[in-house]
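Chemist: Structure provided below as structure tokens; questions to follow.
The values are calculated or read from the model by the stated rules, or taken from the named source; none is laboratory data. What you are looking at is a predicted structure, and each value in this text was computed from that prediction instead of being measured. No Cβ is skipped: glycine too gets one built from the backbone with ideal geometry, and neighbour counts run over all protein chains shown.
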Amino acid sequence: MAKPSYGSRDWFISARLDLLESTRALQSINMAAETAHALATRWAELDTTLRFALLTSTVTNYGRPFVNRQTDTGVRRYKLKRIASEAGFDVVLHRHLLQLRHKLVAHSDEDFNDARIHAQAAVISKDGGEPFKIVAEIGARSTALWLLKDEETAERWRAHVVAAAFGAGKDARSLLEDYFAAARTHPDSCPLLDVDGKEEKLAQFRAELSAGETVSVPLPEMPLSHL
């Protein structure tokens with residue numbers, strides 16, 4: 001399918017979806033960076049319960065943007081290529097974190113989260129007769145993601161997720177700047193500038209653009225405070 005012409009109505013619709021996708025990814029990866037940073041820098045003072053909570057929060061928030069989700073326009077997910085070139089980004093660790101998310105944290109995959117029943121028996125005999133077995137114990141156990149093995153591993157996680165957050169921030173800012181530039185040069189095509197039929201407000205906005213004033217493109221659906 002051919003890409004829509006820059007500044008056309010279809011271009012704005014497509015660019016808006018990319019911008020919102022990037023903003024959601026930035027928010028989620030930023031949350032992962034916060035918890036990964038806390039886990040690494042406060043390692044010695046955290047008890048095992050808090051380490052576990054920070055670990056699972058990091059994995060869950062980090063993996064969220066990279067999971068396919070169904071939308072009105074089809075299946076979407078944040079593309080790895082948007083952040084993979086950021087300095088400090090570890091592609092191998094990225095894949096590992098997604099595997100943890102898919103197999104152990106968000107889901108319970110039997111290949112990873114192994115559960116087994118075990119039994120112990122005692123062999124006894126009475127008055128020198130034929131020995132026989134009795135069940136002494138039966139139990140069940142399950143493998144689970146609990147803790148990172150050491151502080152060094154936590155620091156490696158922190159460095160990678162922080163790099164991913166920087167990359168996502170650059171990506172979101174770039175898309176926002178492109179959208180804003182297109183809105184300045186093609187205001188008639190930008191859906192966000194349809195001001196409910198209030199032509200005087202739209203005319204004022206166009207006049208400000210023509211005068212070179214610095215204005216903000218109204219994006220009420222986006223939490224931009226962290227950009």
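Chemist: Working only within the range 37-91, note down all residues that are among the hydroxyl-bearing types (Ser, Thr, Tyr) and part of a helix (DSSP H, G or I). Lay out the reasoning, then the answer.
Modeler: Restricting attention to the range 37-91, the residues satisfying the condition of being among the hydroxyl-bearing types (Ser, Thr, Tyr) are 41, 48-49, 56-58, 60, 62, 71, 73, 78, 85.
Those that are among the hydroxyl-bearing types (Ser, Thr, Tyr) and part of a helix (DSSP H, G or I): THR41, THR48, THR49, THR56, SER57, THR58, THR60, TYR62.
Chemist: Continuing with the same structure: With the checklist (1) modelled with pLDDT under 95; (2) farther than 16 Å from LEU148 by Cβ in hand, flag the one item VAL91 doesn't pass.
Modeler: (1)
Chemist: Among the residues of the range 66-73, is any at pLDDT below 95, hydrophobic (A, V, I, L, M, F, W, C) and closer than 30 Å to ILE134 by Cβ?
Modeler: Taking every residue of the range 66-73 in turn, none turns out to be at pLDDT below 95, hydrophobic (A, V, I, L, M, F, W, C) and closer than 30 Å to ILE134 by Cβ.
Chemist: Hey, can you tell me all the residues within the range 108-124 that are of a type in the set (Gly, Ala, Ser) and modelled with pLDDT under 80? If you could, list the steps in order and put the result at the bottom.
Modeler: Of the residues in the range 108-124, the ones of a type in the set (Gly, Ala, Ser) are 108, 115, 119, 121-122.
Listed by number, the residues that qualify are SER108, ALA115.
Chemist: Look at ALA25 and say whether it is in contact (Cβ under 8 Å) with a residue 24 or more places away in the chain, loosely packed, with under 11 Cβ neighbours inside 10 Å and either part of a helix (DSSP H, G or I) or of a type in the set (D, E, K, R) (or both).
Modeler: no
Chemist: Considering only residues that are surrounded by 11 or more Cβ atoms within 10 Å (Cβ to Cβ) and among the basic types (Lys, Arg), which ones fall in the range 129-180?
Modeler: If the condition is that a residue be surrounded by 11 or more Cβ atoms within 10 Å (Cβ to Cβ) and among the basic types (Lys, Arg), then ARG156, ARG158, LYS170, ARG173 are the ones that fit.
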